[in-house]
Structures are given as structure tokens and as C-alpha cells.
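The values are calculated or read from the model by the stated rules, or taken from the named source; none is laboratory data. As the structure is a computational prediction, the values presented were derived from the model and not from experiment. Positions of Cβ are generated from backbone atoms using ideal geometry, with glycine treated the same way; all protein chains shown enter the neighbour counts.
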Amino acid sequence: MFALWRALARLVRQLSRRLGRGGGTTAPGRLLLRVSPDALDRLGGDLDRGAAVISATNGKTTTAAMCAAILERGGTPLVHNRAGSNMGWGVATALLDARSGAGQLGLLEVDEAWLPRVADALHPRAYLLANLFRDQLDRYGELETLAERWAETVAGASGARLVLNADDPLVADLGRGREDAAVYFGVADDSQALPELQHAADSVHCRNCGAAYVYDAVYLGHLGRYHCPSCGRRRPAPAVVAERVELEGMDGARLALRTPAGSAELRLPLPGLYNVYNALAATALALELGAPLDDVAPALEGFAGAFGRVETIPVPHPSGGTRPLSILLIKNPAGANEVLRTLRLAGEPVDLWLALNDRTADGRDVSWIWDADFELLAGHVGQVTCSGTRAEELALRLKYAGVAASAAVERDLGRSLDAAVAAGEPGRPLYALPTYTALLELRDLLSDRGLADRWAG
């Protein structure tokens with residue numbers, strides 16, 4: 001009977017894609033999990049090389065895509081949820097491509113809250129846990145609660161390899177007592193350090209004794225080099241390290257990489273320190289899964305970005321020509337701050353189109369925009385257009401930040417995008433900063449206009 005349900009789910013996926021009603025990444029898995037609650041277990045059994053799971057608050061889609069690029073360069077056949085549908089039904093949909101005897105490895109991006117259930121079903125051979133930031137508190141709750149669930153999950157993962165961010169105290173703690181199974185990654189270039197912890201920093205207290213961490217260097221949010229002055233707990237030494245980082249604004253970054261397999265220099269075509277962390281995480285996991293170091297630099301240097309994460313799409317201008325539309329997802333204070341920090345490096349004032357939604361997948365509580373440091377862009381912005389279901393609140397936030405005294409406000413995404421494109425000259429970059437569901441709506445809009453594929457992957 002399960003074979004019949006699996007065939008039906010594949011048909012639903014095919015029809016959904018043909019009819020243009022989404023990418024077929026959600027409905028097939030929902031159907032399968034409803035009629036067969038153990039579908040993840042059954043489908044995962046067809047992965048001859050087992051599964052590796054990737055979870056984080058920020059960057060998991062890009063990290064998974066980077067890791068896939070490295071592994072596929074070496075010819076590893078993957079089952080991978082490329083479009084970023086990472087809840088249980090998205091994972092189930094991706095696993096419809098699993099074929100016993102095909103030598104496949106499951107490389108699966110998993111939502112933070114879904115990780116325990118997916119791990120219980122798939123028994124992964126490797127976990128990549130990259131960061132935990134405050135995000136969607138109305139769904140996830142406090143970070144410590146989520147960290148405890150992750151800790152319970154990895155505690156039961158006997159025999160699995162743990163790839164962990166040494167610079168995130170909550171994540172690094174997951175490897176304590178499991179040093180034989182853990183490999184850490186991190187940054188070791190204090191030229192990229194911030195002057196102090198940002199006011200929106202999330203994890204600043206030792207989980208062992210409760211004392212406040214002392215930071216010797218802060219790189220991103222609460223990520224950095226830290227130690228506890230009370231009990232002596234400190235950041236683990238990372239094995240995969242960015243020893244030198246040069247950020248080049250929206251053009252990308254250069255880094256010197258050190259790994260247990262040797263060293264490499266590479267130019268990453270994606271901007272920001274957050275993408276350096278994504279590259280480190282992807283490299284660490286790929287090496288653990290058997291990829292040679294020689295595949296890392298070529299794969300990352302040729303990486304074109306993941307769905308909605310620094311994609312650039314030419315959009316027609318009403319007077320002729322096009323404007324390059326660069327899309328950068330923002331969804332919580334830490335991630336937004338890194339995008340803003342990167343845009344600040346642009347050599348001239350930037351034009352912005354921002355879209356803030358408060359749908360379930362975004363999180364109903366949008367108060368996080370008041371913790372994002374939009375003040376970073378004060379004096380560095382040209383035209384500003386705000387859209388989405390909470391466009392007015394976003395415009396108010398920008399006003400208080402000194403970014404835009406009177407941003408254009410239009411809730412309708414299509415009309416607002418047209419206005420933003422028309423407000424600048426052809427050839428001038430326009431930066432789109434949407435929240436998650438606004439990103440999906442933007443993708444559909446651009447697809448309907450023939451400017452982009454509906455779904456990446």
C-alpha cells in the first residue's frame with residue numbers, strides 16, 4: 001500500500017509543477033505524512049549512503065546548496081531539498097527521489113523545530129548545526145528551549161558525526177563530552193570583529209554556570225571568541241577555520257581556509273561574513289562526508305547562490321533597459337544586521353525595496369525589526385519603497401532609524417516593485433530585502449512575468 005501512496009505523491013508533485021501552483025515541494029509530503037505517518041522512516045531506508053541533516057536559524061538553505069555543490073563536483077548522487085522546503089513535509093517530498101541501489105546520499109536541510117522528529121526517523125550519519133538566533137518566537141519559543149531539544153537529539157545520535165559552529169556558544173555546547181564525534185568550524189580573523197556585542201545579541205550566558213561570557217572578539221551577533229570567567233568554559237578550537245577574511249561589499253569575499261586536509265585560498269562570490277560562515281559550515285560537512293579538499297574551492301568559487309539568497313535578476317525599466325534586482329532575505333535581527341552591514345560597504349547610496357509580511361511562516365510577531373540595526377544605513381540610502389502586509393510599520397521603523405523620512409509605501413508587491421524599479425535609472429542596482437513569504441511571492445511575481453524560474457531546483 002505504501003508504494004501506491006508514494007506513486008500518488010509523486011503524481012501530485014508533477015501536477016503541481018505543471019500547473020504552476022508552487023514547486024510541488026509541500027503538498028506531496030503533506031499527503032504522504034497524513035496517510036503514512038512513518039513515511040520519513042520508509043523513504044529514508046532507500047538512501048544507500050544514509051543521510052546528513054543541516055539545521056540553523058540563518059543560512060541553512062545557502063549552506064546546504066554550497067555543500068551540495070562540493071559533493072556533486074565529486075560525483076556523489078544526492079537527494080536534496082534544493083528549494084529550501086525544510087519542514088517534515090518538505091523533507092518527505094525530497095525523499096520521493098530516493099532510489100534503493102542508486103548509491104544516493106540524503107543531504108537534507110531541516111527546520112530547527114522539526115530536527116528531532118526528522119532525525120528520529122532518518123538516523124543521520126552526520127549533523128551540521130550551524131547557529132541558533134532569536135527567530136519566530138511565537139513558533140519556536142526561547143533559544144534555550146530549542147537548544148535543549150537539539151541536545152537531546154544529538155545525545156541519542158550514537159555513531160553520528162557532529163559538525164558544529166565553535167563561535168556559537170549554544171551550538172558549541174552540543175559537542176561537549178562528544179569530542180571524539182565533533183568537528184568545529186569558525187572564524188579567526190579579528191579584523192572582522194565588531195567593537196562590542198550588538199544590543200540584539202542572543203546567547204551571552206554560560207549554560208554551565210550562568211555567568212555572562214566575556215568576548216575576546218565578536219564577529220556576528222553573538223558569534224565570536226568567548227570564555228566564561230566563572231567556570232572556565234571557552235570556545236572550542238575549530239578545525240575548519242577562516243584565518244583571513246577580506247569582505248568586498250556586494251562583490252563577495254576572499255578568505256584563507258585552513259582544514260585538517262590542508263589549506264586553500266578562495267574567492268567567494270557571495271557577500272558578507274554570514275556567507276563566510278556558510279562556506280565554512282559547508283566545507284566542514286563536505287570533508288566529513290568524504291569530499292576531497294581539491295573540490296572545495298572550485299565549487300564555492302563557482303557558486304551562484306541559493307533560492308532568494310543574493311540572487312540577481314534583471315528587471316525591465318519602463319524607459320528601456322533593465323535594473324539588476326538583487327534579492328537578500330531578511331527574517332530576524334542577526335541576519336538582517338549582516339545584510340545591512342554588507343550594504344553599508346557599497347560605494348554609493350543604495351536603492352531599497354523592502355517587504356515585511358507577518359504570515360505564519362514569517363512569524364506573526366514583527367517586533368524584531370526594532371532590534372535590527374537599520375541605523376547602519378542612515379545616510380547611505382537613495383530611494384526606499386516598503387511593501388508587504390506590515391509595510392507601514394516598516395516605513396515607520398526606517399523613519400526612526402534616520403534611513404528614510406518618507407519612504408514610499410504600497411502593500412501590493414507588484415505595484416510597489418514597479419514603482420521601485422521606475423524610481424531609479426536603468427542599470428542602477430535595486431536591492432530587495434523581503435521576509436520569507438514575501439520572498440516566495442516575489443519569486444512567483446517574477447516567474448509570472450517570465451523573468452525567473454518559478455522554483456530553483
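If you go through segment 33-40 one residue at a time, do you hit one that is modelled with pLDDT under 90, in a helix (DSSP H, G or I), more than 25 Å from GLY335 (Cβ to Cβ) and not assigned by TED's automatic domain parsing to the domain that holds ALA126? Full working, then the answer.
If we filter segment 33-40 for residues that are modelled with pLDDT under 90, which is where we start, we get none.
No, because not a single residue in segment 33-40 is modelled with pLDDT under 90, in a helix (DSSP H, G or I), more than 25 Å from GLY335 (Cβ to Cβ) and not assigned by TED's automatic domain parsing to the domain that holds ALA126.
Of all residues in segment 422-443, which are more than 20 Å from the chain's Cα centre (by Cα) and on the phi < 0 side of the Ramachandran plot? Before you say what the answer is, go through the steps one by one.
Narrowing segment 422-443 to residues more than 20 Å from the chain's Cα centre (by Cα): 422-430.
Selection gives ALA422, ALA423, GLY424, GLU425, PRO426, ARG428, PRO429, LEU430.
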- Note on the structure: Only unsatisfied item for GLY305, checking (1) without any contact (Cβ under 8 Å) to a residue 60 or more places away in the chain; (2) at positive phi, is (1)
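Give the residue, chosen from ALA9, ALA52, that is crowded, with 24+ Cβ neighbours inside 10 Å and either in the same structural domain as LEU273 (by TED's automatic domain parsing) or assigned to a loop (DSSP other than H, G, I, E, B) (or both).
Values: ALA9 fails: either in the same structural domain as LEU273 (by TED's automatic domain parsing) or assigned to a loop (DSSP other than H, G, I, E, B) (or both).
Result of the check over ALA9, ALA52: ALA52.
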- Item | Those residues of segment 323-337 which are under 18 Å from the mean Cα position of the chain (by Cα) and buried (at least 21 other Cβ atoms within 10 Å of the Cβ), in sequence order | ILE327, LEU328, LEU329, ILE330, LYS331, ASN332, PRO333, ALA334, GLY335, ALA336, ASN337
- For segment 221-247, how many residues meet the condition of being basic (Lys, Arg) and under 25 Å from ASP371 (Cα atoms)? 1
- Query: What are the residues in segment 385-421 that are over 27 Å from the mean Cα position of the chain (by Cα), within 17 Å of TRP370 (Cα to Cα) and touching a residue at least 12 places away in the same chain (Cβ under 8 Å), if any?
  - Reply: GLY402, ALA404, ALA407
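So which residues in segment 324-365 are among the aliphatic types (A, V, I, L, M) and assigned to a strand (DSSP E or B)? Write out each step before concluding.
To start, the set of residues in segment 324-365 that are among the aliphatic types (A, V, I, L, M) comprises 325, 327-330, 334, 336, 339-340, 343, 345-346, 350, 352, 354-356, 361.
Those that are among the aliphatic types (A, V, I, L, M) and assigned to a strand (DSSP E or B): LEU325, ILE327, LEU328, VAL350, LEU352, LEU354, ALA355.
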